[in-house]
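Undergrad: Attaching a single structure in structure tokens format; questions to follow.
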Amino acid sequence: MYYHSVTVNIARVGSRHVEQVCDRCGFTFGYILARIGRGSGEAPYGVGKDRAEQSATRKAEDELERRLHEEAELVPCPKCDWVSEQQVQGYRRARHGGLKQLAKILGIAGAVVTAIVAAVLAFGQRQWYAAAIALVIGLGVTGSIAVALLLLRKFLLSLIQPNKDHPFPPQLPPGTPEAWVPGPDADVYVPASRPHPTNNPKAIT
């Protein structure tokens, strides 16, 4: 029987004002953190497309909410050019996620395929010894690959060290948002590089 489905992909964009206290000099500043959340839903044979859209929207909104509260940007302190450890960890959480996802997929797929092969050998051909060997080798190989991918991600994340040349200004990734500092009005932040306010980031959502 021929099977087909309609896949619905939804994206949600959002931002929030992050207030940051420098863990080196104690200066308070802020910046705008913007993120995208994505979600997908599937409608078998095109049935229940509205339900698939609702599911995709919910997943996209949940991912957006998670990213806005768990991730960060490498915005240096306007006073001392230091990037706080909390920001470094938040920025790292957003990087090289594909390696983590690939490790998970390979681990699960490898375990399933290995279990099927071992079951066929054991119960279909009565080759118990071969089944045991296949199980050990299959799980060992897929597990090793998954661990290697996770270690590679850990290594790549360890290379993100914005403060390595301090007190010189850090080399920032493209798209790093501008720092904002408290203005004359305590409820208003102004761009760190400009003497007069042009906007209030706290009003941006």
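The values are calculated or read from the model by the stated rules, or taken from the named source; none is laboratory data. What you see is a predicted model; the values in this text were computed from it and never measured. FYI the Cβ positions are ideal-geometry reconstructions off the backbone, even for glycines, and counts take in every protein chain you see.
Undergrad: Could you check the range 44-158 for helices (runs of 4 or more DSSP H) lying wholly inside it with 1 or more residues that are of a type in the set (Asp, Glu)?
TA: Here the list reads 49-70, 85-93.
Undergrad: Let me ask another. Between a residue in the range 57-72 that is modelled with pLDDT of 95 or more and surrounded by 18 or more Cβ atoms within 10 Å (Cβ to Cβ) and any residue that is assigned to a helix (DSSP H, G or I) and of a type in the set (Lys, Arg), which pairs come within a Cβ distance under 6 Å, given they are 6 or more apart or on different chains?
TA: 71/93
Undergrad: Filtering the range 159-196 down to residues that are assigned to a strand (DSSP E or B) and without any contact (Cβ under 8 Å) to a residue 24 or more places away in the chain, which residue is farthest from residue 80 (Cα to Cα)?
TA: It comes out as 190.
Undergrad: So, of the residues in the range 121-141 that are surrounded by 12 or more Cβ atoms within 10 Å (Cβ to Cβ) and not hydrophobic (A, V, I, L, M, F, W, C), which turns out to be modelled with the highest pLDDT?
TA: Applying the filter and picking the extreme gives 140.
Undergrad: Can I ask one more? Is there a residue being polar (S, T, N, Q), within 29 Å of the chain's Cα centre (by Cα) and at pLDDT 85 or above anywhere in the range 189-202?
TA: The answer is no; no qualifying residue exists.
Undergrad: Further question on the same structure: Collect the residues in the range 78-123 that are farther than 13 Å from residue 157 by Cβ and among the β-branched types (Val, Ile, Thr), keeping them in residue-number order.
TA: Answer for the range 78-123, where residues must be farther than 13 Å from residue 157 by Cβ and among the β-branched types (Val, Ile, Thr): 83, 105, 108, 112, 113, 114, 116, 117, 120.
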